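One structure is given here, and the rest of the page talks about it.
The values are calculated or read from the model by the stated rules, or taken from the named source; none is laboratory data. Computed from a prediction, not measured in an experiment: that's the story for all the values here. Backbone-built Cβ (ideal geometry, glycine too); neighbour counts: all protein chains shown. Heads up: the accessible areas ignore ligands, DNA and RNA and are worked out on the full protein's heavy atoms, side chains in. Shrake-Rupley method; radii C 1.70, N 1.55, O 1.52, S 1.80 Å.
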Amino acid sequence: MRRNNLFRLLHDIFSFFPVKLPFVVFIILFCAAVNTLPSIFIQKVIALIENSDANASWPDLSYQLVRLLVILGGLYVLSLMGVLLQGQIGAEITQGVLMRFRKKMFDRMQNLPIKFFDSNSHGDIMSHYTNDVDSLRQLVSQAMPQMLTSIITITSILSIMLWFSLWLTLVTMVGITAMFIVTKRTGGRSAHHFRRQQKNTGKLEGFAEEIMNGQKVVKVFCHEEECIKDFERLNEELFTESENANKRANTLGPILNNIGNILYASIALSGGILILSGVRNISISGLPMSISVAVPFLNMTKQFAMNINHFSMHINAIVSGLAGAGRIYAVIDSEPEDDNGKIEVEREHTQGRIEFRHVNFGYTDDVDVLHDITISAMPGQKTALVGSTGAGKTTIANLIPRFYDVHSGEIFYDGINIQDIKKSSLRRNLGIVLQDTNLFTGSVLENIRYGRLDATDNECINAAKLSGADDFISRLPEGYNTILTGNGANLSQGQRQLIAISRAAVADPAVMILDEATSSIDTRTEALVQRGMDALMKGRTVFVIAHRLSTVRNSDLILVMEHGRIIERGTHDELIAMKGRYYKLYTGAFELS
């Protein structure tokens, strides 16, 4: 799977930058090749001095030395220019890759079903944009270029070694084999812990985000100590995995350095023995074993060991980066919200008739929470759903806009099965006010206009007047231009709810779903809002989920639910006369619980 992620990542990067990426790779190859040239020049310089005639003139000798140094210096200047250019283009590629992956994730998240957000903590989802993207940044900007450089350098040096001497190359390969064995064993163990570290980081961030959002609940129930213990447990798990990963990663470098030092001494000793013993040198070049071969070989051995070390140290960054890429691809590859509808519903041609026919539904495939639900809501009719918590009232509201699809049965909008209507078209013809209000950073006017983006300022203001929100909005410091932040933290819960109702009003849908829409409004404010709500609901098909009887009594149809079933239905007076469940709820308290 990690190999597939690597190939996929390389393919994506190339598709993002089909010209710049090959150019950067060429620069890396060129610079890596230039870095191996000093050994050749050292050999030539030593050979030049070693083989020069004792009576040779200094100017002639110095000319040849200067010519070699000028060529080497010129190549180094080109290499420096290449490195600078690589840094500039590399930064553009890295940030461009991250920008595109963030966009891909966000675009896909807009098309994911509600179930995805129900089953993943928001903190863990945010971790994809922070921790996973950062690990990808290190992979693209540092680990991959360095790994490519090391591979090219190692390959080039090995070729030059074989050009100079097979015997010394064999000695080098013994040390390199030891390095690879250590890297495989130590690096493999640390890679496992780096992947677990990535996963535990997401868990910790998810928990922290959850506690921050629920800070009032934590404090009111004095749950601080328990939260600290839970955080410490998750933090300890992250610490353990991070410690194990980095311990193994940090021991790899010193071990490889010492193997490199031993290898350096072994080459010096072997070279001296070969020179003194007069053993015939075997090489591609045919050069005899001499000081001019042994000395550059020492330089190549140190460079070889150093690049093996760099290669091994970046393995962990690659493992961590590929783990982050895997988590990012998991989001991108998540199944989008299914939408096989083809019918477009136009607002001016809709009536808003909603019908449930023998609907069964469960949030999991094996357990149904709604059983044989049959409802017929006519245009202009107000239908109330009441019952105990967990009876299935909100679940019914979630099925109308197809946040979830039914297991069996059918739901119709104006006689059309909602499965056949495009979700975007269906939802544009629904207005929903939820108990939990979400406001976005921006002005009050922009938050109201969220209900219909092409609404004019006057239409937004009229919607606010209709809901009763205009009164408090007019008293805000900047009126409708007041900026809201932190989900409207500078407003009361009731005020936030009024803005949400105004948002639904400006959408002007044929069907309204009010899920505890006035639950956060005090009794006095509710009386004002109710008048606006009545005007808002006039001529529309309305579903009301409420605990307060004041929003239920005037309904055209009241459905009493229990354990996912409709057990009673009728008007307020009819249900009171039946003296069943509704009667007990009504006479037992003025709040349905």
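List of remarks:
- Maximal additional length on extending the residue 369-residue 20 stretch stands at 120.1 nm, based on 0.36 nm per residue less the C-alpha distance.
- Cα gyration tensor shape of the range 203-291, rounded if a/c is under 1.5, else prolate or oblate by comparing a/b with b/c: prolate
- Qualifying trypsin sites (Lys or Arg not before Pro) in the range 271-363, DSSP loop, other Cβ atoms within 10 Å at most 14: 280, 342
- Taking every alpha-carbon pair under 8 Å whose residues sit at least 6 apart, the chain reaches a relative contact order of 15 percent.
- Residues with amide H under 5 Å from that of residue 442, placed H, sequence gap 5 or more: 484
- Straight-distance candidates among the lysines for linking to residue 342, with alpha-carbon spacing under 19 Å and chain neighbours fewer than 8 residues away dropped: 422, 423.
- Reachable lysines, given that their alpha-carbon falls under 30 Å from the alpha-carbon of residue 203 and they are not under 8 places away in the same chain: 103, 104, 115, 184, 216, 219, 229, 247
- For the chain, the longest principal axis of the alpha carbon atoms and the long axis of helix 20-35 meet at an angle near 30°.
- The C-alpha atoms of the chain define a longest principal axis, and helix 166-213 lies at about 20 degrees to it.
- The string of couplings for the range 125-130 from the Karplus curve (6.51, -1.76, 1.60, θ = phi - 60°) is 5, 5, 4, 5, 7, 10 Hz, one whole number per residue in order, with x for Gly and Pro.
- Separation of alpha-carbon centers, the range 226-295 and the range 143-184, rounded to whole Å: 11 Å
- With both labels modelled 7 Å from their Cα along Cα-to-Cβ, the residue 108 to residue 299 distance reads 4.9 nm.
- Amide hydrogen proximity for residue 343: with H placed 1.01 Å from N in the peptide plane, the residues at 5 or more positions away or on another chain lying under 5 Å are 421, 422.
- Net length available on complete extension from residue 181 to residue 443 is 88.1 nm, with 0.36 nm assigned per residue and the Cα-Cα distance removed.
- For peptides 287-297, 63-73, sequence by mean Cβ density within 10 Å, most packed first: 287-297, 63-73
- ³J(HN,Hα) computed for each position of the range 231-246 - Karplus, 6.51 cos²θ - 1.76 cosθ + 1.60, integer Hz, glycine/proline x: 5, 4, 5, 5, 5, 5, 5, 5, 4, 4, 5, 5, 5, 4, 5, 6
- When Kirkwood radius over Cα pairs in Å is computed from the coordinates, the matching label among (i) 29.5; (ii) 25.5; (iii) 30.3 is (iii).
- Rounded percent of accessible protein surface that carbon and sulfur make up, the chain, 1.4 Å probe: 59 percent
- Against the chain, whose longest principal axis comes from its Cα atoms, helix 523-537 is set at around 90 degrees.
- Couplings for the range 89-101, taken from phi via the Karplus curve 6.51 cos²θ - 1.76 cosθ + 1.60 with θ = phi - 60°, read 5, x, 5, 5, 5, 4, 5, x, 5, 5, 4, 5, 5 Hz in order; Gly and Pro are left as x.
- Residues whose placed amide H lies under 5 Å from that of residue 455, excluding near-sequence neighbours: none
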